[in-house]
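Step one of this worksheet: look at the structure below.
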Amino acid sequence: MIVIFDLDGTLIDSAPDIRAAVNRMLADEGQAPLDLPTVIGFIGNGLPRLVERAMAARGLDVSRHMALTRITLDFYNAVSPALTRTYPGVPQALESLRAAGHRLALCTNKPEAPARAILADMGIARHFAVVVGGDTLPVTKPDPAPALECLRALGGGAAAYVGDSGVDAETARAAGLPFLLFTEGYRKEPVAALPHASAFDDFALLPALVEALAGVRA
């Protein structure tokens, strides 16, 4: 079975490093920092959208959006992965899934190069045969194209999508994939508001959920 993963808020808790980069950009603009819950609320639709939301929160000139996005990305690349960590049990779950013969892909709105770098920094890059980032294709999640590109690159077949947010739930729905919801990430909506095949709060539970889906879809 192909298992497609989101990154931020699903495999890794990267919000502290994202916040540090955003606040460095804001400091350069003479603006007050944003707190962590606010930045977490901005995560999910890619870095440009996050920067747009941060700019709006501080009343910055929207005409400078592209420049400030690049500055924020540069700051992020400089600080990450100082505070970023995988969620507990992630490395073990990925190892177990691959050992069982499942093929793994990453589908994230983070730009591809930083996504690959953070996978390497966290020691989990070897598990992913395919990485589709926010700048790999002309569109980003929740458009289904990035998830479908993961399927295409891995030769197709039964698949599931693992994520933590409404963006991920919509991506899975649009791609026609069952959604496994990690409830401890950056979700803004109640669990019940997001359509999902299963929800889990511990990555130790994920391999069994994938096996159950694989049996249903065999």
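The table that follows gives values for the structure above.
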| item | result |
| --- | --- |
| Scope the stretch 83-95; condition assigned to a loop (DSSP other than H, G, I, E, B) and hydrophobic (A, V, I, L, M, F, W, C); matching residues | Leu83 |
| Yes/no for Ala105 being in contact (Cβ under 8 Å) with a residue 60 or more places away in the chain, assigned to a strand (DSSP E or B) and not assigned by TED's automatic domain parsing to the domain that holds Met25 | yes |
| Filter result (in a loop (DSSP other than H, G, I, E, B) and closer than 21 Å to Ala99 by Cβ) within the stretch 126-145 | Phe128, Ala129 |
| From the options Arg64, Arg98, residue that is part of a helix (DSSP H, G or I), more than 17 Å from the chain's Cα centre (by Cα) and closer than 23 Å to Phe182 by Cβ | Arg98 |
| Count - residues of the stretch 1-53 that are of a type in the set (A, V, I, L, M, F, W, C) and in a helix (DSSP H, G or I) | 15 |
| Among residues of the stretch 145-166, those that are within 14 Å of the chain's Cα centre (by Cα) and more than 24 Å from Ala208 (Cα to Cα), counted | 1 |
| Meets criteria (assigned by TED's automatic domain parsing to the domain that holds Phe182, free of Cβ contacts under 8 Å to residues at least 40 places away in the same chain and in a loop (DSSP other than H, G, I, E, B)) for Gly123 | yes |
| Candidates Arg187, Arg152 - the one that is surrounded by fewer than 17 Cβ atoms within 10 Å (Cβ to Cβ) and either in contact (Cβ under 8 Å) with a residue 24 or more places away in the chain or in a helix (DSSP H, G or I) (or both) | Arg152 |
| In the stretch 155-169, residue surrounded by the fewest Cβ atoms within 10 Å (Cβ to Cβ) [restricted to those that are touching a strand residue (DSSP E or B) at 6+ places or on another chain (Cβ under 9 Å) and assigned to a helix (DSSP H, G or I)] | Ala169 |
| Exclusive hit being within 17 Å of Leu7 (Cα to Cα), surrounded by fewer than 22 Cβ atoms within 10 Å (Cβ to Cβ) and out of contact with any Gly (no Cβ under 6 Å at 6 or more places or on another chain), set Ala172, Ala208, Ala199, Ala212 | Ala199 |
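The values are calculated or read from the model by the stated rules, or taken from the named source; none is laboratory data. This is a predicted model, so every value here is computed, not measured. Note that we place each Cβ from the backbone using ideal geometry, even for glycine, and neighbour counts take in every protein chain shown.
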